[in-house]
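The block underneath contains the structure these notes are about, expressed in structure tokens.
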Amino acid sequence: MGNFLRNNFSPQRRRALRAALLMAGPAIILLLLFMVWPFVHGIQLSRTNQRFDSRAAQNVGGKNYDRLLSVSLIRLPDVPDSVPDSASAGWYKSKTGDLIFRWRPNTLDEVGLEKWKAYEIARTFHLGNRYYAVIAKDSLFWQALLNNFRFAIVVVPLQTLLALLLAILVNQKLPAINIFRTIYFSPVVTSIVVIAVVWKFLYNPDFGLINEMLEFVSAGKIGPYKWLLSSSQAMNAIIIMSIWQGVGFQMIVFLAGLQDIPEDLYEASGIDGASLWQKFRYITLPMLRNTTIFVVLATTVLAFRLFDQVNVMTPDGGPEESTATMVWYAIRIGWRQNEVGYASAISIVFVAIVLVISLVQRLTVKSERAMDY
């Protein structure tokens, strides 16, 4: 190594390299110790049936990943002319009169689906008169993954846009503007657990302030809503709270980017007769390109890490697992159900998904930049 440095670097470059390694060394060591090594160890655990009890773990190969990722689309048997309320696998009518396919592994051979006994129905749908089902060995994993995507798809664009608007507002030279910056940023530095508990009271269907406010504003025409007690509204409630709680962080980042834009650009465009919208479109947005990239990437990662809000506001994953997320599910499997090996497999898949999404976002931005120039 010493000969390589002497032959390829000047003394000044060698001193600069040593100084860089000396300053970056502690961060590199911490990164290896608390991120790289746990990830490698997690891969090893994911191939075992490790538990917290005293029994020795056994290598199970890829069984955990097979259980986790096995998913298929099948066509269900046609609905018979008469639908009995039987106890075997097949069609039956619910109390509300809806058609439901009863999935019972021990009797699936009666309808020709015996090879799918290890699977569960994740979702059913029909196209015309034909009925289909998405089945998986671990249907809750796929439900949690869909919930994560739903949360991220809504939160990332809305939170980014709202943060940009707030940053523009608090960037104005107005009296006591720092008070408003503090108000908007204060939820970020407040414990998320405390915020979740407060919002759980606000969402209370009987005496919650949000329902009371909606009824007052609409003269009783809107609400009351069950919010966290409804499978169709629980995730929306968490989305609203999460946007409110996290938007201050992105606002500060955008504010720093706005204050780095030279005022000369706006003055020159004003002399040329540019309107406010033209200044925003042709000066502000292009100059905030790198800032926006960082905000979107950071918000995406934070959105997929959703756990605290779900764990506090809907401890059991919400009604019908409507708020279950990947992190929540991994912790439930690992700590509550004592399946450490399987929870490690969930965590590895989760990291891989977030990494791929982040890389796709970054590569997409790069290709657009290359096209611009």
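The values are calculated or read from the model by the stated rules, or taken from the named source; none is laboratory data. All values derive from a computational prediction rather than experimental measurement. Note that we place each Cβ from the backbone using ideal geometry, even for glycine, and neighbour counts take in every protein chain shown. Note: accessible area is taken over every heavy atom of the protein model, side chains too, but ligands, DNA and RNA are not part of it. Shrake-Rupley method; radii C 1.70, N 1.55, O 1.52, S 1.80 Å.
Values as computed for the structure displayed
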quantity	calculated
When residues of segment 330-359 are limited to those that are of a type in the set (Phe, Trp, Tyr) and more than 13 Å from Leu145 (Cβ to Cβ), the one modelled with the lowest pLDDT	Trp335
Looking only at segment 230-279, and only at residues there that are touching a Pro at 6+ places or on another chain (Cβ under 7 Å) and modelled with pLDDT under 90, the one that is most open to solvent (accessible area, probe 1.4 Å)	Ser231
Any pair with Cβ under 6 angstrom, 6 or more apart, that starts in segment 41-61 at a residue that is touching a residue at least 60 places away in the same chain (Cβ under 8 Å) and surrounded by fewer than 17 Cβ atoms within 10 Å (Cβ to Cβ) and ends at one that is in a strand (DSSP E or B) and small (Gly, Ala, Ser)	none
Filter result (of a type in the set (Gly, Ala, Ser) and open to solvent by 50 Å² or more (accessible area, probe 1.4 Å)) within segment 207-219	Ala219
Search result, residues across segment 313-348 that are crowded, with 19+ Cβ neighbours inside 10 Å, farther than 13 Å from Leu140 by Cα and either of a type in the set (D, E, K, R) or touching a Cys at 6+ places or on another chain (Cβ under 7 Å) (or both)	Glu339
Options Ile210, Ile195: the member that is in contact (Cβ under 8 Å) with a residue 12 or more places away in the chain, of a type in the set (Val, Ile, Thr) and within 15 Å of Val310 (Cα to Cα)	Ile195
Single condition Asn338 does not satisfy, out of (1) part of a helix (DSSP H, G or I); (2) among the polar types (S, T, N, Q); (3) more than 28 Å from Ser232 (Cα to Cα)	(1)
Residue among Val310, Val351 that is of a type in the set (A, V, I, L, M, F, W, C) and either closer than 27 Å to Leu161 by Cβ or open to solvent by less than 40 Å² (accessible area, probe 1.4 Å) (or both)	Val310
Residue within segment 24-39 that is at pLDDT below 90 and within 23 Å of Phe141 (Cα to Cα) present	yes
Residues of segment 166-188 that turn out to be among the hydrophobic types (A, V, I, L, M, F, W, C) and open to solvent by 90 Å² or more (accessible area, probe 1.4 Å), as a count	5
